Amino acid sequence: MTTQTVSLSKDEKIKRVIDLTEQGKPLEVISDELGYSQPKNLIRFMARSQFKFDADHHRFIHQANRNQKKETKKERQEPVHHGMSTLN
């Protein structure tokens, strides 16, 4: 495969990667199309952009969504104290 020079903005590149993974394209093909020498370099780019690769489902997941769910779960676990404080 030949490496192509692609001139896309960061947001355009992220959208292109997500679109191609949703189409079922292998990471090797996507990374080559976008000018990366290896799929791991594409994965690193996406990680710096807050996306994690889910190999089981062959897709990238935005980490802000994942962290938001964790915070909500954490908030539910924190005890809620009602009434007067015991500290004087």
Next on the checklist: Taking a ≥ b ≥ c as the square roots of the Cα gyration tensor eigenvalues, with a/c under 1.5 meaning rounded and otherwise prolate when a/b beats b/c, else oblate, which class fits segment 10-71?
Outcome noted: prolate
Checklist outcome for this item: Counting only residues 5 or more apart in sequence or on a different chain, those whose built amide H sits under 5 Å from that of Phe60 are Asp54
Item to check | Order of Lys13, Lys25 under a 10 Å beta carbon neighbour criterion, fewest first | outcome: Lys25, Lys13
Checklist entry - Karplus couplings for segment 44-59 from phi (6.51 cos²θ - 1.76 cosθ + 1.60, θ = phi - 60°), rounded to Hz, Gly and Pro as x? => result 5, 4, 5, 5, 5, 9, 6, 10, 10, 7, 9, 5, 5, 10, 6, 7
Checklist entry - If you place +1 on the Cβ of every Lys and Arg and -1 on the Cβ of every Asp and Glu, how big does the dipole about the Cα centre of segment 10-71 come out, in debye to the nearest 20? => result 320
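Quick note: the coordinates plus some simple rules give every number you see, no bench work behind them. These figures come from a predicted structure and were not determined experimentally. Glycine gets a Cβ as well: all are built from the backbone with ideal geometry, and neighbour counts include every protein chain shown.
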